[in-house]
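Asker: Dropping the structure in here first, questions after.
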């Protein structure tokens with residue numbers, strides 16, 4: 001006997017959806033008997049734009065290093081931040097595709 005599936009509500013934000021799925025089981029909303037392969041071609045990573053003030057000399061050095069490594073300076077800054085955060089937290093995994101390509 002098949003279980004009747006519930007309708008997934010529409011969400012106003014990612015936070016609302018996250019809260020919903022934290023307290024509800026996906027098994028009540030999806031048919032697990034016949035999975036389908038789906039392509040999610042329009043997914044974009046979640047980024048938050050920030051503004052940061054840096055001394056001009058530090059920014060110039062970052063741009064020089066980035067130019068030598070042939071990467072955008074903002075990407076190099078993200079790599080440096082991720083590496084330092086990882087070191088401070090005492091973990092060994094550094095995420096990001098560029099990290100594997102760039103040895104600093």
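Where a number appears in this text, it was derived from the coordinates with a stated rule and is not lab data. Since this is a predicted model, take the numbers as computed values, not measurements. Cβ atoms come from the backbone with ideal geometry, glycine included; neighbour counts cover every protein chain shown.
Asker: Would you confirm, using the coordinates I've provided, whether residue 6 is in contact with a helix residue (DSSP H, G or I) (Cβ under 6 Å, 6 or more places away or on another chain) and part of a loop (DSSP other than H, G, I, E, B)?
Answerer: On the way: in contact with a helix residue (DSSP H, G or I) (Cβ under 6 Å, 6 or more places away or on another chain): yes; part of a loop (DSSP other than H, G, I, E, B): yes.
Against the criterion (in contact with a helix residue (DSSP H, G or I) (Cβ under 6 Å, 6 or more places away or on another chain) and part of a loop (DSSP other than H, G, I, E, B)), residue 6 qualifies.
Asker: Residue 44: surrounded by 10 or more Cβ atoms within 10 Å (Cβ to Cβ), without any contact (Cβ under 8 Å) to a residue 24 or more places away in the chain and under 23 Å from the mean Cα position of the chain (by Cα), yes or no?
Answerer: On the way: surrounded by 10 or more Cβ atoms within 10 Å (Cβ to Cβ): no; without any contact (Cβ under 8 Å) to a residue 24 or more places away in the chain: yes; under 23 Å from the mean Cα position of the chain (by Cα): yes.
Taking the combined requirement at face value, the residue does not satisfy it.
Asker: Going through the stretch 24-68 one residue at a time, which ones are assigned to a loop (DSSP other than H, G, I, E, B) and closer than 20 Å to residue 79 by Cα?
Answerer: Of all residues in the stretch 24-68, those assigned to a loop (DSSP other than H, G, I, E, B) come to 24-25, 29-55.
Within the stretch 24-68, 44, 45, 46, 47, 48, 49, 50, 51, 52, 53, 54, 55 meet the criteria.
Asker: In the stretch 9-20, which residue that is under 19 Å from the mean Cα position of the chain (by Cα) and part of a helix (DSSP H, G or I) is farthest from residue 46 (Cα to Cα)?
Answerer: 19
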